[in-house]
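Down below is the structure, laid out as structure tokens.
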Amino acid sequence: MSNLRDKAALTCAITGVLTNPKQHPVPVTVAEMAQSARQAFDAGAAIMHVHFRSQAPGMGHMPSWEPEIAGEIIEAIRQACPGVIINMSTGVVGADISGPEACMRRVRPEIAACNAGSLNYLKVRSNGQWAWPPMLFDNPVAKVEKFLKVMAETGAMPEFECFDVGIVRSIELFVKAGLTDHPDYNFVMGVASGMPADPRLLELLVDYRLDGSTWQVTAIGREEVWALHRRTAELGGQLRTGVEDTFYLPSGDKSSGNGPLIEALATCAREAGREVASPEEARQIYGLRPSA
């Protein structure tokens, strides 16, 4: 794998969970998601992180856990992007994970996001009002274990989403307790009540993970996140962006969609002396099953 150390696997976060397509350039229909994925694929993304949206007219701003909708979306993306790796979102509030379970069994993603700890999910507007009612994104260990069982059944690698430093440190405890033998870290930085999108913090975080583990950063914010992407590339992490995470290019201009964001991410990799990994190389980097 020594030749792969100089490669960066790029993930495109295609659409996110609730962003309204009437206000922002997020794809929500099957055709839009396939087209947007293809633009990201052509720009260098080997992995697509996918949230499923309702396909009912005028309801594209709402999520869906209908297995048939998930299947249609993933089949269209796989057809548009030969060899692409699917990374499926699984996040739900509450103990009922039957929706994500059914979708995982239907689409059999190579990677599945595994939210690895709980977070008070908060944001305050400039007028002092909550942006949404304060909520607990609950991910107790019993819920994590249920997800890990389905991921093992369907052959998906768990990508452990870490919203704060305590969650980062919990991954080693999961390994010691026998919950997983494949630690892969996603440092989620930029949520107002989570870890800040600060490159100085990243330099510490990489030392808190298990030796030899793969890692990447989800950087949420405006154009200021690009300094964090550059530092991720320099430190050897894998790279992710997309309209789920930001709408802004390094210039501060608003992106027209996922393609230009992935082009900018590929530039970050190359400026750090790393080439962009193909889907097959990304499979090797993460230790995923071969493509079908």
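The values are calculated or read from the model by the stated rules, or taken from the named source; none is laboratory data. For clarity, every value in this text was computed on a predicted model and none was experimentally measured. Cβ: placed from backbone, ideal geometry, glycine included. Neighbour counts: every protein chain shown.
Residue by residue, here is whether (1) within 20 Å of LEU173 (Cα to Cα); (2) in contact (Cβ under 8 Å) with a residue 24 or more places away in the chain; (3) of a type outside the set (Ser, Thr, Tyr) holds:
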site: TYR121; (1), (2), (3): no, yes, no
site: ARG125; (1), (2), (3): no, no, yes
site: ALA131; (1), (2), (3): no, no, yes
site: LYS143; (1), (2), (3): yes, yes, yes
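In the set (1) touching a helix residue (DSSP H, G or I) at 6+ places or on another chain (Cβ under 6 Å); (2) part of a loop (DSSP other than H, G, I, E, B), the condition left unmet by LEU202 is number (2). Of all residues in the stretch 4-34, those being modelled with pLDDT under 95 and assigned to a helix (DSSP H, G or I) number 3. Of all the criteria given as (1) without any contact (Cβ under 8 Å) to a residue 12 or more places away in the chain; (2) in contact with a strand residue (DSSP E or B) (Cβ under 8 Å, 6 or more places away or on another chain); (3) not hydrophobic (A, V, I, L, M, F, W, C), the one not satisfied by THR11 is (1).
Among the residues of the stretch 74-89, is there at least one that is within 30 Å of PRO140 (Cβ to Cβ), among the small types (Gly, Ala, Ser) and at pLDDT below 95? No: the stretch 74-89 contains no residue that is within 30 Å of PRO140 (Cβ to Cβ), among the small types (Gly, Ala, Ser) and at pLDDT below 95.
Of the residues making up the stretch 184-198, those that are surrounded by 19 or more Cβ atoms within 10 Å (Cβ to Cβ) and not hydroxyl-bearing (Ser, Thr, Tyr) are ASP184, ASN186, PHE187, VAL188, MET189, GLY190, VAL191, GLY194, MET195, ALA197. Considering only residues that are surrounded by 14 or more Cβ atoms within 10 Å (Cβ to Cβ) and assigned to a loop (DSSP other than H, G, I, E, B), which ones fall in the stretch 166-181? Result: LEU179, THR180. Scanning the stretch 101-118 for residues that are assigned to a loop (DSSP other than H, G, I, E, B) and in contact with a Pro (Cβ under 9 Å, 6 or more places away or on another chain) yields ALA116, GLY117, SER118. In the stretch 66-87, the condition of being within 19 Å of VAL217 (Cβ to Cβ), in contact (Cβ under 8 Å) with a residue 24 or more places away in the chain and either surrounded by 17 or more Cβ atoms within 10 Å (Cβ to Cβ) or of a type in the set (Ser, Thr, Tyr) (or both) is met by at least one residue. The set of residues in the stretch 35-51 being assigned to a helix (DSSP H, G or I), buried (at least 24 other Cβ atoms within 10 Å of the Cβ) and of a type in the set (A, V, I, L, M, F, W, C) consists of ALA37, ALA40, PHE41. Tallying residues that are of a type in the set (Lys, Arg) and touching a helix residue (DSSP H, G or I) at 6+ places or on another chain (Cβ under 7 Å) within the stretch 134-178 yields 1.
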